[in-house]
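None of the figures in this text is laboratory data; all of them are computed from the coordinates on show. Remember, it's a predicted structure, so these values are computed and weren't measured experimentally. Don't worry about glycine lacking a Cβ; one is built from the backbone with ideal geometry, like all the others, and counts go over all protein chains shown.
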Amino acid sequence: MPPKIPTREELDRMNAEWVEPFDARTAPEGLHYGLYDTSVRGPGKQGSYWYVLPDGYQEDESKSYPVLIWLHGGMSRGITGAAAGLLYRDAMAAGLMTKTVIFFPQALPVGWYLNSIDGQFLIEDVLIKDFIPHIDATFRTTGQRGIEGFSMGGFGSSHLGLKFSDLFRAISCIAPAILPSLDHEPKEFVWDTFRGDNDYYQQSHPKTLLRVHQEKLRQAGIRIRLLAGSQDHRLTAAIESLHQLMDDAGVQHETSTVQDAGHDFMLILRGLGSEAYAFWNRAFEHKK
């Protein structure tokens, strides 16, 4: 089924939604909601996020935890990552995953986790300069961070993780929307970020960032994984191409294709079995 194409009015509404609507009566059990100042957007501006706390966080104030930032896909909100967060929470409770605080920032449904070319939507700056410092100032964190995203969020996790590899121990990309050219995406999904400028798309693409930062990535020991579903035919070649480029550059990474899964992050994560969590265990135990 082709994706629903939003109207201009819908896009304008989405582009203003830095703060996701919140209703305590319908909030998923186990998820918490927070606000933070987005000072790079100007005074008095805020953004929102959801988060999951591991068992014991509120009882033992002497203990600090690694952080996982989970980036939602296009045409969706931060809350859409809740299923992954609760899957990881249950794994932590069962002793299968390192106890971690997981965050789901609201980052605009068609924003691509970049600063838009016209400077109107500074999503990259907000996340790097406002959100991460807010996390470390508000929560008990170890300074260890991972970043994971799905689809457009997979583009975001690869873009931010490769560009700012000094901030992250691990990058996980689930079915990342990393198609080779801007014209492979519906115009409505990309216009407000790129304004039709394929050069800016290429400059921001993980393949370009990999080439630029490959030496630093080889030395950093950052963990990277590329995940896909075997039935996600639209993205298969693009993900394989990034995998080959990482191989050629000598950048260590892992890749998994989950059989019979399409463009669905929960099918992919569940299809990995215990490896869905073991990746984070290795990342947060690994020292750069």
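Calculated [222 nm] ellipticity per residue, helices only, for the chain: -11000 deg cm²/dmol; basis is -39500 (n - 2.57) per DSSP H run with n ≥ 4, divided by all residues, nearest 500.
With a cut-off of 13 Å between beta carbons, the residues surrounding Met75 carry a summed charge of -2, where Lys and Arg count +1 and Asp and Glu -1. Per-residue packing, averaged as other Cβ atoms within 10 Å, sorts the ranges 190-202, 144-156 into the order 144-156, 190-202, beginning with the highest. Close Lys pairs in the range 8-285, defined as Cα atoms under 15 Å apart and 8 or more places apart or on different chains, number 6. Extension gain, Gln219 to Asp60, is 53.7 nm, computed as 0.36 nm per intervening residue step minus the present C-alpha separation.
In the range 9-98, taking the dipole from charged Cβ atoms about the Cα centre, the farthest positive-side position among Thr38, Ala93, Trp70 is held by Thr38. In a fully extended conformation the segment linking Asp118 and Asp166 would gain 14.6 nm over its present Cα-Cα distance, using 0.36 nm per residue. Remark: relative contact order (the chain) = 17 percent; criterion is Cα-Cα distance under 8 angstrom and separation of 6 or more residues. With R₀ fixed at 35 Å, the C-beta to C-beta distance from Tyr33 to Ala237 puts the FRET efficiency at about 0.35.
Taking amide H atoms as placed 1.01 Å from N in the peptide plane, the amide H of Ala107 lies under 5 Å from those of Gly78, each 5 or more residues away in sequence or on another chain.
Under 10 °C and 1.306 mPa s, how fast does the range 8-285 diffuse according to Stokes-Einstein, given a Kirkwood radius computed over C-alpha pairs? Answer in µm²/s, whole number.
For these conditions, the coefficient is 84 µm²/s.
For Tyr36, neighbours were defined as the other residues whose beta-carbon sits under 13 Å from its Cβ, and their charges (Lys and Arg +1, Asp and Glu -1) total -1.
With R₀ set to 25 Å, the beta-carbon distance separating Lys4 from Lys187 gives a calculated FRET efficiency near 0.95. For the range 55-83, list residues with backbone N below 20 Å from a point placed 7 Å from the Cα of Asp23 toward its Cβ? Once the point is set 7 Å along Cα→Cβ of Asp23, 76-83 turn out to lie under 20 Å by backbone N, inside the range 55-83. Rounded to the nearest 20 debye, the dipole magnitude of the chain is 560 debye, with +1 charges on Lys and Arg beta carbons, -1 on Asp and Glu beta carbons, and the Cα centre as origin.
Placing dummy labels 7 Å off each Cα toward the beta-carbon, the span from Arg270 to Ser256 is 1.5 nm.
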